[in-house]
Amino acid sequence: MMKLIQGILQGKVRPLAKAISLVEDNLIDKEELIDQLYPHTGKAAIWGVTGPPGAGKSTLVDKLIDRERSQDHRVAVIAIDPSSPFTGGALLGDRLRMQRHSLDPQVFIRSMASRGHLGGVSWGCSDAIKILDAAGFNTIIIETIGVGQTEIEVVELADLVMLVLAPGMGDEIQAMKAGVMEIGDLFVINKKDLPGSEKLKAEIEYVLNLSSDNPEQLPPVILASAQKSEGIDELWKKLSTKYQQLVKSGYLSARRKERIKKELSRIILYKVHHLLDKKIALQDNIDNWAEQVYLKKDMPYTMVNKQINRFKKEMRLDDSKN
């Protein structure tokens with residue numbers, strides 16, 4: 001384990017890939033790994049890039065990598081892909097689109113499977129970010145699948161969220177109605193050469209004005225064409241400026257503390273569920289319990305309380321043995 005940790009802290013690619021596979025598969029060894037790396041985290045800027053499929057997120061990320069590298073920043077990208085129904089592995093589309101960076105030792109690109117997680121962000125993504133942060137990357141970019149309201153989960157992992165839309169897709173108005181607008185720190189209208197881009201920009205600015213108490217603090221809305229490399233410099237500058245504003249205002253610290261609270265809650269719930277399953281064979285017995293309740297042989301809360309009491313008894317027995 002120490003050899004793996006040393007390799008990560010030195011930023012070596014092979015240990016990084018191995019460690020991310022470890023957390024993605026949720027193996028028990030990952031707990032020691034993450035706790036050992038955690039003191040070395042907190043330095044990287046974490047950007048979330050989200051929006052509907054087809055908005056050009058990957059091309060935009062590809063161009064942002066160029067701008068970051070021009071400043072000699074080390075960049076890591078986690079591209080969240082839909083899980084393969086056969087292997088559970090991530091599709092390689094995002095990696096293929098960014099493959100020109102693969103020969104740069106200061107750029108690390110990894111696809112991670114969503115594994116059917118409804119939030120669009122894989123279970124191991126949070127730990128993968130910690131690994132990349134400890135490895136010394138200056139900027140970590142998370143690109144999500146883009147499946148409607150579930151992009152909101154990106155907020156829990158990113159310091160700053162960029163919402164990418166494109167005109168004529170039919171998704172932009174739906175996104176505004178669904179409340180996804182609230183998660184964006186910065187908005188990009190990609191494919192600005194398409195008809196309707198100026199109209200979409202005006203609509204977004206109108207919605208932002210309506211929902212804001214402070215018009216001076218509205219998120220920037222930028223027109224760009226990633227394919228033609230237009231508006232990318234402005235976007236990159238706005239991203240950097242916005243990030244510095246979050247740092248100076250103290251909002252970044254508040255957001256990170258909130259992220260830790262949610263992560264601790266998630267881990268506790270996961271471990272309690274695992275413990276329940278181990279002590280009362282939850283997965284093995286749930287069908288039988290449901291049948292009993294369905295037949296009115298037992299009542300829902302009575303059944304649950306019965307199993308909780310059984311769980312408590314098992315825990316007391318364990319304590320007495322120790």
Note down all Cβ pairs under 6 Å where the first residue falls in the range 44-57 and is assigned by TED's automatic domain parsing to the domain that holds Asp185, the second is of a type in the set (Asp, Glu) and surrounded by 24 or more Cβ atoms within 10 Å (Cβ to Cβ), and they're at least six residues apart or on different chains. Val49/Glu143; Thr50/Glu151; Lys57/Glu143
When you scan the range 41-53, do you find a residue that is at pLDDT below 85, within 15 Å of Val161 (Cα to Cα) and hydrophobic (A, V, I, L, M, F, W, C), even just one? no
What number of residues within the range 193-224 satisfy the criterion of being over 19 Å from Val161 (Cα atoms), in contact with a Gly (Cβ under 8 Å, 6 or more places away or on another chain) and surrounded by 12 or more Cβ atoms within 10 Å (Cβ to Cβ)? 2
Taking the stated definitions as given, is Arg255 closer than 30 Å to Val164 by Cβ, within 35 Å of the chain's Cα centre (by Cα), at pLDDT 90 or above and not assigned by TED's automatic domain parsing to the domain that holds Ser197? yes
For Lys296, are the conditions met, namely being on the phi > 0 side of the Ramachandran plot and among the charged types (D, E, K, R)? yes
Give me the pairs, please: first residue somewhere in the range 10-35 and more than 19 Å from Val75 (Cα to Cα) and modelled with pLDDT under 95, second residue anywhere and assigned to a loop (DSSP other than H, G, I, E, B) and of a type in the set (Gly, Ala, Ser), beta-carbon distance under 7 Å, and either six or more positions apart or on two chains. Val23/Gly124; Glu24/Ser122; Glu24/Gly124; Asn26/Gly124
With (1) modelled with pLDDT under 95; (2) of a type outside the set (Lys, Arg); (3) over 16 Å from the mean Cα position of the chain (by Cα) as the list, and His73 as the residue in question, which single condition is left unmet? (1)
Looking at the structure I just gave you, is Asp159 modelled with pLDDT of 90 or more, touching a strand residue (DSSP E or B) at 6+ places or on another chain (Cβ under 6 Å) and within 25 Å of Pro39 (Cα to Cα)? yes
Asp298 is checked against (1) modelled with pLDDT of 90 or more; (2) under 30 Å from Cys125 (Cα atoms); (3) surrounded by 14 or more Cβ atoms within 10 Å (Cβ to Cβ) and fails just one. What number does that condition carry? (2)
Could you tell me whether Thr144 is at pLDDT below 90 and surrounded by 19 or more Cβ atoms within 10 Å (Cβ to Cβ)? yes
Could you check, for the range 77-92, whether at least one of its residues is closer than 23 Å to Ile260 by Cβ and at pLDDT 90 or above? yes
Between a first residue in the range 119-138 that is on the phi > 0 side of the Ramachandran plot and surrounded by fewer than 21 Cβ atoms within 10 Å (Cβ to Cβ) and a second residue that is basic (Lys, Arg) and at pLDDT 95 or above, which pairs have beta carbons less than 7 Å apart while being 6 or more apart in sequence or on different chains? Gly136/Arg74
Does the range 26-62 hold any residues that are crowded, with 22+ Cβ neighbours inside 10 Å and among the basic types (Lys, Arg), and which are they? Lys57
Within the range 217-235, can one find any residue that is within 29 Å of Cys125 (Cβ to Cβ) and in contact with a Pro (Cβ under 7 Å, 6 or more places away or on another chain)? no
Those residues of the range 228-266 which are at positive phi and crowded, with 16+ Cβ neighbours inside 10 Å amount to Gly231
Which one of Glu291, Glu234 is acidic (Asp, Glu) and touching a residue at least 12 places away in the same chain (Cβ under 8 Å)? Glu234
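The values are calculated or read from the model by the stated rules, or taken from the named source; none is laboratory data. The structure presented is a predicted model; accordingly, all values stated were derived computationally and were not measured. Here the Cβ is made from the backbone with ideal geometry for all residues, glycine too, and neighbour counts use every protein chain on show.
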